[in-house]
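Nothing in this text is a laboratory measurement; each read-out follows from the coordinates by a stated rule. Please read these numbers as outputs of a predicted model, since none were measured by experiment. Methodologically, a virtual Cβ is constructed for each residue, glycine included, from the backbone with ideal geometry; neighbour enumeration extends over all protein chains shown.
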Amino acid sequence: MTIRDYIQNQVFARRLQERATLVIYDPARRYRDIALDLATDQCRVIDGSLSVIEQRELATEAMTDLAEGRIHHLVVWLPAKPPREATDRQGDPFAVFAAIGAIFPQGDGDDFASICRLAKPDHVPEINRLFEEGEPSFELIDALDAGGSWPKLKTLLHAGSAREILLGVLAPDAQQEAALKADPTWVGEIREFCLRSLGHRLKTRGQTRPSIADELWQVLLYSEFFFDSAGDVPPELYSLLRVGEEASDLVYEVCNELRKHQDHKQRYLDQALEVEEQL
């Protein structure tokens with residue numbers, strides 16, 4: 001899914017389903033085309049970059065149509081910052097529509113970087129690096145999929161996500177184990193995968209699944225412990241290898257799956273005890 005599709009379907013369309021009316025404040029004009037593409041026979045879109053008076057009248061007419069069931073949704077796109085204070089709302093000709101419906105952005109989770117992380121969870125460390133260098137374009141965010149598709153790992157493990165790749169390396173079934181043994185070319189790919197998806201550079205020089213898995217078990221289990229402790233760990237443990245904060249959701253997903261899945265429970269317990277003894 002492209003970042004545009006994610007924003008349109010998972011952010012804007014979902015809020016319209018909940019509140020029927022959505023006001024999008026977009027001073028950077030980043031989301032204008034996405035908002036305008038929401039227009040259908042049942043969804044009226046108001047473009048606030050045109051005549052304010054005319055668009056305000058069109059929005060009022062649309063609200064009447066919405067109330068009387070002639071349309072189902074109303075979107076107002078505005079190239080302006082959302083009003084923060086009461087005085088700002090008094091000067092906003094579309095504030096009443098925002099009060100009735102939903103607004104975007106709504107909270108810190110609606111900033112562009114957070115949306116990109118949610119849309120591309122397999123590439124969070126790489127997304128963070130892109131934003132450190134400046135604000136990336138939609139095309140640059142989408143290019144991460146082409147650059148990090150991990151075709152060998154996905155094929156050998158029959159995996160479709162970063163979570164499934166990690167589970168396949170940490171706790172493979174018999175078919176996955178055999179596939180990894182038969183084709184060692186996946187090793188270079190797993191190193192890049194760990195760096196880009198976890199922010200962790202593998203230290204082991206081993207070329208086999210067990211040697212790589214041993215390091216990943218310790219890194220993931222210690223990372224979960226570190227995140228659960230909010231970083232409040234003994235000084236002796238603080239320098240141990242762990243993933244970046246941006247990969248915490250992926251760590252929790254993988255560890256939770258290992259704990260709850262009947263096929264992995266015993267392996268998780270054995271590995272946890274071994275890592276505990278090592279540390």
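Computed values, structure above
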quantity	calculated
The chain - charge dipole about Cα centre, Lys and Arg +1 at Cβ, Asp and Glu -1, debye rounded to 20	320
The range 41-81: Rg to Rh, with Rh as the Kirkwood radius over Cα pairs	0.99
Amide H contacts of ALA102 (H built 1.01 Å from N, under 5 Å, at least 5 apart or other chain)	THR21, LEU22, VAL23
Of (1) 1.10; (2) 1.08; (3) 0.98, the label for Rg/Rh (Cα atoms, Kirkwood Rh) derived from the coordinates	(1)
C-alpha center-to-center spacing [the range 200-237, the range 144-195] in angstrom	18
Förster radius 51 Å - calculated FRET efficiency between LEU50 and ASP263 (Cβ-Cβ, nearest 0.05)	0.30
In sequence order, calculated HN-Hα J values of the range 186-191 (Karplus, 6.51, -1.76, 1.60; Hz; x Gly/Pro)	6, 4, x, 5, 5, 5
Residue among VAL23, VAL52, LEU74 farthest towards the positive dipole end of the range 3-110, charges placed on Cβ	VAL23
Distant-in-sequence amide H partners of THR208 (H built 1.01 Å from N, under 5 Å)	none
Two-decimal Rg/Rh across the range 127-217, once Rg and the Kirkwood Rh are taken from alpha-carbon atoms	1.02
Alpha-carbon spread of the range 150-278, three principal axes, descending order, Å	42, 30, 24
Charge tally in the Cβ shell below 15 Å around TYR238, where Lys, Arg are +1 and Asp, Glu are -1, TYR238 excluded	-3
Karplus 3J(HN,Hα) series, Hz, for the range 64-70 with 6.51 cos²θ - 1.76 cosθ + 1.60 (x for Gly, Pro)	5, 4, 5, 5, 9, x, 7
Phi to ³J(HN,Hα) by Karplus 6.51 cos²θ - 1.76 cosθ + 1.60 over the range 127-135, Hz, x for Gly, Pro	4, 4, 5, 4, 6, 5, 8, x, 7
